[in-house]
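Step one of this worksheet: look at the structure below.
Each reported figure results from applying straightforward, stated rules to the coordinates on display, with no laboratory input. Small disclaimer: the values here were computed from a predicted structure and weren't measured. Because the Cβ atoms are built from the backbone with ideal geometry, glycine has one as well, and the counts that use them run over all protein chains shown.
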Amino acid sequence: MYKRVVITGMGIYSCLGKTLDEVRDSLYTGKSGIVVDPQRQELGFRSPLTAYLEVPDLKKELSRSQRVYMPEQAKYAYCATVDALRAAQIDQDFLDKNDVGLIYGNDSSTIPVMESCDKIREKRDTTLCGSGAIFQSMNSTVTMNLGCIFKLRGINLSVSAACASGSHAIGLGALLIQNGLQDIVVCGGAQEVNPFAVGSFDGISAFSTRIDNPTQACRPFDRDRDGLVPGGGAATVIIESYESAVRRGAPILAEILSYGFSSNGDHISSPNVDGPTKSLQMAIARAGINLNEIGYINAHATSTKVGDANEAKAIYRVIGDSRIEVTSTKSQTGHEMWMAGASEVIYSMLMMKNDFIAGNINFENPDEDSQHLLIPSKTINKKFDTFLSNSFGFGGTNSTLIIRNL
Amino acid sequence: MEKEALIEKINTVLSEEFEVEVSEMTPEADIKETLQLDSLSLVDMVALIDSEFGVKIKGTELVQVKTFGALYDFVHERM
């Protein structure tokens, strides 16, 4: 007998805000978090566009011996997780007495790797890398840091699945809970925001060069899109078995109805249509719902030519003329990559809880694929109770989550 | 650099990095205890002294640099 999985807390550190209320308002008003970064211009980037957010100063919250192992994305994840645990009414005493798990998406940690390599080449003395470098450098840095800071004793696992990492993290956490292996799992995704993390990505001409008007650069599904804009931060959701949430008297926000996934088995960067279609179909079949129960689709669409076109084809292939609103919140945030699957669940949750769908800003003209979808460019007030969230990544990894309001 | 100025500079950089008051760094005080260093963070002190003063403390030399006084002498002699 599978257990029901619910969301009992959320926290986010995003270019749209550091609190759920701030992010809700930014979504509603169509705020863009995109800026031109002078450092990227100086470094010769093809595109200097990025989401902007500052690295939090955690001197008051954490000791030096805790902070020294944390790269920037672990700091974002810490902030998001503190807020999510608080919202879920989970304190340290509870964490000390219960086996709470942790599954978080993260797929790079560039600065500490780069600085260590520079130090070794310059000094020929590995000691000078410092004590934090090894722990900051690994893809599992977020989960190793959060696991130690919050003294977690359940599963501790990082998911590196490119831009679907955060979504897979939530899906895998949900599977563990469904099967009775964990009662509560802290899930999420984190993404570093520094030029070096995305320099080689810039090098393959994947980014928008519409630098004259940064807030209009990211335009998923629009006919005149010219590439993505990188972003980042961290997003945490506390997921839990329904029984555990009821037993604790926790706020029950929504239910994760299903997790669908697939792999394209195709090109490393160009997504196809069949893979995403399979992920969508699997999620819908496992949720056991009719299409007309889905009130909103949060698309993966990043503002690249082929990616958006093929996702539009996949969505249309699955939903046909069902006229479900589809938007990409990346129009406001840029592509939050390893974080995106988790942050977009939170963005969609905020919309569902507040009866609106944030407009897909900068969507001015459809192309031959997006014309088949219902894509509002301005925020609409609409009550809906179920949404679907897509996340796809390099190598053709696909993840789809379906979540229902409770 | 005069030794007094050097001591002040060492205390300042250690205080900033390890978040310990300068007043606790007396010549007789044990470095590991005062700065709350374990075997991992001891490496950070070595890296800091190298980057700030260009003085390398080898692993074999660390055993002799137990107190702040010994550290001041060690750095002063090699600058």
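The table that follows gives values for the structure above.
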| quantity | calculated |
| --- | --- |
| Flagged links, alpha-carbon separation over 32 Å, of A:60/B:66; A:97/A:278; A:59/A:378; A:59/A:353; A:151/A:382 | A:97/A:278; A:59/A:378; A:59/A:353; A:151/A:382 |
| Three-way shape call for the stretch A:101-230 based on the alpha-carbon gyration tensor, with the a/c threshold at 1.5 | oblate |
| Shielding by partners, peptide B:28-41 (average Cβ within 10 angstrom, other chains) | 2 |
| Footprinting exposure proxy for A:157, A:27, B:35 (fewest neighbouring C-beta atoms within 10 Å first) | A:157, B:35, A:27 |
| Among A:93-100, A:217-224, A:278-285, the order from most to least packed when residues are scored by Cβ within 10 Å on average | A:217-224, A:278-285, A:93-100 |
| Cα gyration tensor shape for the stretch A:250-406, rounded if a/c is under 1.5, else prolate or oblate | rounded |
| Amide proton proximity set for residue A:303, modelled H, under 5 Å, gap of 5+ | A:221, A:308 |
| Per-residue [θ]222 nm for the protein assembly as shown (sum of -39500 (n - 2.57) over DSSP H runs n ≥ 4, rounded to 500) | -11500 deg cm²/dmol |
| Shape category assigned to chain A from the gyration tensor of Cα positions, a/c cut at 1.5 | oblate |
